[in-house]
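Novice: Could you have a look at this structure, given as structure tokens, before my questions?
The values are calculated or read from the model by the stated rules, or taken from the named source; none is laboratory data. Predicted model, so just to flag it, every value in this text is computed and none were measured. Every residue, glycine as well, gets a Cβ built from its backbone with ideal geometry; the counts of neighbours run over all protein chains shown.
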Amino acid sequence: MATVKGNANVDMAGRLKPYGVTAAQALGEPIIVPPDKVLSLGLSDLKQAKAGIVQLKPKTISDVKQWIGVKDEVGRKRPVAAMPQITSLTLSDDRTLALRNQADSRGVHQLAEMYVLGDSAAVKHLEPAINKLLIDASILGIFSIHDIDVYGTLNIDPSVRVLVARNIRIWGKGVIRVRGQVKIDAVSITGAARGFTISPDVLKAIPRIGRLT
């Protein structure tokens, strides 16, 4: 079994805190994907889910960086992109962003990407303008205070941008299929290729989140 080391006794309430998610909003039981079954998690499950699937509402681009971005020290090691040439970027007295053309709009989106995935200090002076992109913005996350055990297939829809759990274990022929860009925030990730026994409880497990087929 290959293991990514982590603290199994970590305080999950503290781990959820940076996302503004409470333990009551997170799934309070393990997620088990039975053998030969597919569990799909995505935006379409939001309405019927009682807990575990949360739409995060960022107030600033700094929130986005904290939730799904990279640390500045990591971002500094990435190739530096050319600063977008924005000709009509203005902030009025009420901090309203004014953009006159589509090219400038794309440029602000590029600035946001540089902030989240690169060194935010390089575009920090434009943060008030970048924040204007976040009107009605949301980030979908899957949150569990327990473990995820994958014996079958776990499909993570492109609508999901962050997955938080205690330990993630992939058993035998188990597979996690990530359809988009997802930040996985787990204490540990382990995989067992063989030499394990599946209990009857696992075979009849029905997760209380997502769609099991």
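Novice: Out of the strands (runs of 3 or more DSSP E) lying entirely within segment 1-99, which hold 1 or more residues that are hydrophobic (A, V, I, L, M, F, W, C), out of contact with any Leu (no Cβ under 8 Å at 6 or more places or on another chain) and at pLDDT 70 or above? Lay out the reasoning, then the answer.
Specialist: Working: elements: 31-33, 38-41, 53-56.
The strands (runs of 3 or more DSSP E) meeting that bar are 31-33.
Novice: Being small (Gly, Ala, Ser) and under 27 Å from Val178 (Cα atoms) is the filter here; which residues of segment 106-158 pass it?
Specialist: Initially, segment 106-158 is screened for residues small (Gly, Ala, Ser), giving 107, 112, 118, 120-122, 129, 137-138, 141, 144, 152.
The answer is Ala112, Gly118, Ser120, Ala137, Ser138, Gly141, Ser144, Gly152.
Novice: So if I check each of Thr197, Thr153, Thr213, which one is surrounded by fewer than 20 Cβ atoms within 10 Å (Cβ to Cβ), over 18 Å from the mean Cα position of the chain (by Cα) and at pLDDT 95 or above?
Specialist: Numbers: Thr197 fails: at pLDDT 95 or above; Thr213 fails: at pLDDT 95 or above.
So the residue among Thr197, Thr153, Thr213 that is surrounded by fewer than 20 Cβ atoms within 10 Å (Cβ to Cβ), over 18 Å from the mean Cα position of the chain (by Cα) and at pLDDT 95 or above is Thr153.
Novice: Same structure again: Every residue in segment 170-194 that is among the hydroxyl-bearing types (Ser, Thr, Tyr) and either exposed (fewer than 14 other Cβ atoms within 10 Å of the Cβ) or assigned by TED's automatic domain parsing to the domain that holds Val116 (or both), please. If you could, list the steps in order and put the result at the bottom.
Specialist: The first filter runs over segment 170-194 and keeps only residues among the hydroxyl-bearing types (Ser, Thr, Tyr), leaving 188, 190.
Residues satisfying the conditions do not exist here.
Novice: Separate question: What number goes with the only condition from (1) under 19 Å from the mean Cα position of the chain (by Cα); (2) of a type in the set (D, E, K, R); (3) modelled with pLDDT of 90 or more that Arg179 does not pass?
Specialist: (3)
Novice: Here's another thing I want to ask about it. Out of segment 114-131, which residues are of a type outside the set (Gly, Ala, Ser) and surrounded by fewer than 16 Cβ atoms within 10 Å (Cβ to Cβ)?
Specialist: Within segment 114-131, the first condition is being of a type outside the set (Gly, Ala, Ser), and the residues that meet it are 114-117, 119, 123-128, 130-131.
Hits for segment 114-131 are Lys124, His125, Glu127, Pro128.
Here is a yes/no grid of residues against (1) touching a residue at least 24 places away in the same chain (Cβ under 8 Å); (2) surrounded by fewer than 17 Cβ atoms within 10 Å (Cβ to Cβ); (3) more than 25 Å from Leu133 (Cα to Cα):
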position	(1), (2), (3)
Asp11	no, yes, yes
Arg15	yes, no, yes
Val21	yes, no, no
Leu27	yes, no, yes
Pro34	yes, no, yes
Val38	yes, yes, yes
Gly42	yes, no, no
Lys47	no, yes, yes
Ala51	yes, no, yes
